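Visitor: Quick one: this structure, given as structure tokens, is what I'll be asking you about.
The values are calculated or read from the model by the stated rules, or taken from the named source; none is laboratory data. Keep in mind it's a predicted model, so treat the numbers as computed, not measured. Here the Cβ positions follow ideal geometry from the backbone for every residue, glycine too, while neighbour counts run over all protein chains shown.
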Amino acid sequence: MNRLLRSFYYAGSGILSAVRTQANMKIHVVCAIVVNAAGLVVGLTRMEWAVIIAAQAVVMAAELMNTAVEHVVDLASPSRHPLAKAAKDTAAGGVLVAAIGAVIIGLFVFIPHLWP
């Protein structure tokens, strides 16, 4: 049981570290807060909430993975290298794809509430 609790502690520590140190993670958190507040105002259904929360989770998970890739690449290749750049750029691209998908999902969910 202690091992399980420690794993949750370490995971939480990683999330908090990313929120504290990564500007884009802060942006994602603020966007999630704004979207969730808007969802409360317009009265999303349970299914709409599920879709919105899933989209938020995908974006934040992608950002956490991107941060991990950046840290590992910086550790493995402290100097500039084309492969290090490619790894970082590709991971960042993954976050961008997730964020664009989340915006599209948000439009599908919110537009009918705003313009019935």
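Visitor: Does region 15-26 hold any residues that are surrounded by 12 or more Cβ atoms within 10 Å (Cβ to Cβ) and assigned to a helix (DSSP H, G or I), and which are they? Quick ask: steps written out before the conclusion?
Guide: Going through region 15-26, the residues surrounded by 12 or more Cβ atoms within 10 Å (Cβ to Cβ) turn out to be 15, 17-19, 22, 24-26.
Those that are surrounded by 12 or more Cβ atoms within 10 Å (Cβ to Cβ) and assigned to a helix (DSSP H, G or I): ILE15, SER17, ALA18, VAL19, ASN24, MET25, LYS26.
Visitor: For region 1-53, give me the residue count where each residue is closer than 24 Å to ILE104 by Cα and of a type in the set (Gly, Ala, Ser).
Guide: 7
Visitor: Also, quick follow-up: Of all residues in region 85-109 being more than 15 Å from ALA54 (Cα to Cα) and hydrophobic (A, V, I, L, M, F, W, C), which is surrounded by the most Cβ atoms within 10 Å (Cβ to Cβ)?
Guide: ALA91
Visitor: Moving on to the next point. I'd like the full set of residues that are under 30 Å from HIS71 (Cα atoms) and either surrounded by fewer than 13 Cβ atoms within 10 Å (Cβ to Cβ) or touching a Cys at 6+ places or on another chain (Cβ under 9 Å) (or both), limited to region 28-53.
Guide: VAL30, ILE33, VAL34 - these are the residues of region 28-53 that are under 30 Å from HIS71 (Cα atoms) and either surrounded by fewer than 13 Cβ atoms within 10 Å (Cβ to Cβ) or touching a Cys at 6+ places or on another chain (Cβ under 9 Å) (or both).
Visitor: For region 27-53, which positions are of a type in the set (Val, Ile, Thr) and outside any helix (DSSP H, G or I)?
Guide: THR45
Visitor: Suppose the filter is at pLDDT 95 or above, under 14 Å from the mean Cα position of the chain (by Cα) and not hydroxyl-bearing (Ser, Thr, Tyr); does LEU40 pass it?
Guide: No.
Visitor: Let me ask something additional. Could you grab me the full set of residues in region 1-14 that are surrounded by fewer than 13 Cβ atoms within 10 Å (Cβ to Cβ) and either part of a helix (DSSP H, G or I) or under 18 Å from the mean Cα position of the chain (by Cα) (or both)?
Guide: Across region 1-14, the qualifying residues are ASN2, ARG3, LEU4, LEU5, ARG6, SER7, PHE8, TYR9, TYR10, ALA11, GLY12, SER13.
Visitor: Which members of region 54-84 meet the condition of being loosely packed, with under 11 Cβ neighbours inside 10 Å and either touching a residue at least 60 places away in the same chain (Cβ under 8 Å) or part of a helix (DSSP H, G or I) (or both)? Full working, then the answer.
Guide: Quick first cut of region 54-84, residues loosely packed, with under 11 Cβ neighbours inside 10 Å only: 75, 78-80, 82-83.
LEU75, PRO82, LEU83, listed by residue number.
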